[in-house]
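Got a structure here, written out as structure tokens. Questions coming.
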Amino acid sequence: MNILITGGAGFIGSHVVRRFVKNYPNINIYNLDALTYAGNLENLRDVENAPNYKFLKGDIVDADYINEIFNKYKFDGVIHLAAESHVDRSITDPLAFVKTNVFGTVNLLNASVSSWKNDFSEKRFYHVSTDEVYGSLGDKGLFLETTAYDPNSPYSASKASSDHFVRAYGETYGLPFVITNCSNNYGPNHFPEKLIPLFINNIIENQPLPVYGDGKYTRDWLYVEDHARAIDLVYHKGRKYETYNIGGFNEWQNIDLVKLLCKQMDVKLGRAEGTSEKLITYVKDRPGHDLRYAIDATKINEELGWEPSVTFEQGLEKTIDWYLNNKEWLNSVTSGSYKEYYQKMYN
Ligand SMILES: NC(=O)c1ccc[n+]([C@@H]2O[C@H](COP(=O)([O-])OP(=O)(O)OC[C@H]3O[C@@H](n4cnc5c(N)ncnc54)[C@H](O)[C@@H]3O)[C@@H](O)[C@H]2O)c1
């Protein structure tokens with residue numbers, strides 16, 4: 001069996017690739033990634049020589065290339081994670097998000113339909129999406145699989161659009177898809193533009209911790225390996241034409257999360273308690289900032305028996321340890337263009 005995983009050199013994708021390569025030696029895993037600023041083959045050093053792993057450098061926006069690899073490798077399934085994934089970048093360059101997240105997804109859908117020639121038995125198109133498509137919650141309530149889409153940022157609008165295309169290809173062509181909408185992930189190999197790795201890096205460097213607005217924004221957080229385990233389960237056991245929400249039952253206001261992180265970092269770095277908290281600085285809010293996201297993950301729990309395996313405190317500690325033990329990785333991704341990006345966003 002041949003599975004195409006897109007975006008496998010990125011944060012979540014690398015954990016999914018590693019899991020599949022190691023757990024399924026009889027499945028050939030093809031990792032297609034354009035290696036944008038967010039893609040890093042260092043994330044996969046431990047599996048790069050595995051006999052059932054092959055890296056393909058390419059862009060999902062390039063339809064000819066996508067058709068070529070479908071013809072050549074005869075994929076039986078697709079797990080699609082490649083995306084532009086950072087909300088702040090979507091505000092400065094929305095079209096890049098339309099290209100990769102919408103156009104790129106439709107290219108993969110077209111290639112799947114035409115290469116599988118309407119014989120969809122044993123085939124599967126798995127689209128990995130986000131809870132951000134549902135928009136913002138008030139103080140109460142949870143996102144269900146049936147919650148109406150209400151995206152507020154160019155990122156979430158592009159992901160919502162790609163979800164709609166996937167569903168439409170199921171209705172129109174019978175393509176056997178499954179979609180998951182997951183909450184915020186954290187863990188090893190996360191590019192330090194997102195809250196947790198950005199702040200870990202800044203605490204190490206004694207740099208300010210830029211908290212948006214009043215810090216009251218609330219997110220649900222899930223350890224990345226628990227997400228990869230959910231993807232494995234849904235790919236193999238989830239019902240086709242279904243959506244599953246994935247979440248950690250783990251809501252945190254940003255400011256409380258940052259304070260917990262500061263506390264754990266002080267211990268790890270041998271600094272006096274309260275040292276890192278002094279780095280907190282409140283910065284101008286992001287436009288269209290959603291107040292609260294929270295996931296009801298009952299469906300995946302009841303149907304497939306999935307639940308998170310680590311508490312937030314455990315996951316955060318594992319994450320901090322990984323960054324402190326992988327300073328070379330951190331230094332390599334924060335040199336060069338990262339510095340320019342950081343200046344533009346926060347100074
Ligand atoms: N990070 C989260 O908290 C989170 C939560 C829920 C869902 N998701 C979704 O999961 C997926 C992966 O997210 P992530 O955080 O790992 O993202 P990421 O930004 O870390 O990785 C994205 C990967 O896609 C690749 N890529 C980008 N454009 C491409 C293109 N045109 N062609 C081929 N490859 C391309 C990049 O090189 C990178 O390796 C995304 O679809 C995202 O929307 C992320």
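The values are calculated or read from the model by the stated rules, or taken from the named source; none is laboratory data. As the structure is a prediction and not an experimental result, all values here were calculated from the model. Positions of Cβ are backbone-derived with ideal geometry, glycine not excepted, and every protein chain shown enters the neighbour counts. Protein only, heavy atoms only, side chains kept; ligands, DNA and RNA dropped before computing areas. Shrake-Rupley method; radii C 1.70, N 1.55, O 1.52, S 1.80 Å.
Report, by residue number, each residue of the range 194-205 that is open to solvent by 10 Å² or more (accessible area, probe 1.4 Å) and under 19 Å from Ser85 (Cβ atoms).
Lys194, Leu195, Asn201
Follow-up question, since we're still on this one. Determine, yes or no, whether Arg229 is over 13 Å from the mean Cα position of the chain (by Cα) and either within 30 Å of Lys123 (Cα to Cα) or free of Cβ contacts under 8 Å to residues at least 24 places away in the same chain (or both).
yes
Filter the range 29-52 down to the residues that are touching a residue at least 24 places away in the same chain (Cβ under 8 Å), more than 8 Å from the ligand (Cβ to nearest atom) and under 19 Å from Pro197 (Cβ atoms) and list them by number.
Correct list: Leu41, Glu42, Asn43, Leu44.
Between a first residue in the range 291-304 that is touching a residue at least 24 places away in the same chain (Cβ under 8 Å) and a second residue that is assigned to a helix (DSSP H, G or I), which pairs have beta carbons less than 6 Å apart while being 6 or more apart in sequence or on different chains?
Going by the 6 Å Cβ cut-off, the qualifying pairs are Tyr293/Asp131; Ile295/Asp131; Leu304/Leu233; Leu304/Lys237.
How about the range 56-109: which of its residues are buried (at least 16 other Cβ atoms within 10 Å of the Cβ), over 24 Å from Asn40 (Cβ atoms) and polar (S, T, N, Q)?
Hits for the range 56-109: nothing passes.
Could you list, in sequence order, all residues of the range 321-347 that are in contact with a helix residue (DSSP H, G or I) (Cβ under 9 Å, 6 or more places away or on another chain) and loosely packed, with under 14 Cβ neighbours inside 10 Å?
Once the filter is applied, which keeps residues that are in contact with a helix residue (DSSP H, G or I) (Cβ under 9 Å, 6 or more places away or on another chain) and loosely packed, with under 14 Cβ neighbours inside 10 Å, the range 321-347 yields Asp321, Lys327, Glu328, Ser332, Lys344.
Shifting gears a bit: Kindly provide the set of residues from the range 167-192 that are more than 12 Å from the ligand (Cβ to nearest atom) and within 17 Å of Gly238 (Cα to Cα), ordered by number.
Scanning the range 167-192 gives Arg167, Gly170, Gly174, Leu175, Pro176, Phe177, Val178.
Could I ask something else about it? Out of all the residues in the range 148-182, which are assigned to a loop (DSSP other than H, G, I, E, B) and under 24 Å from Ala96 (Cβ atoms)?
Correct list: Tyr149, Asp150, Pro151, Asn152, Ser153.
Here are some residues: Phe125, Phe97, Phe55. Which one is in contact (Cβ under 8 Å) with a residue 60 or more places away in the chain, within 15 Å of the ligand (Cβ to nearest atom) and of a type in the set (Phe, Trp, Tyr)?
Only one candidate passes the filter, namely Phe97.
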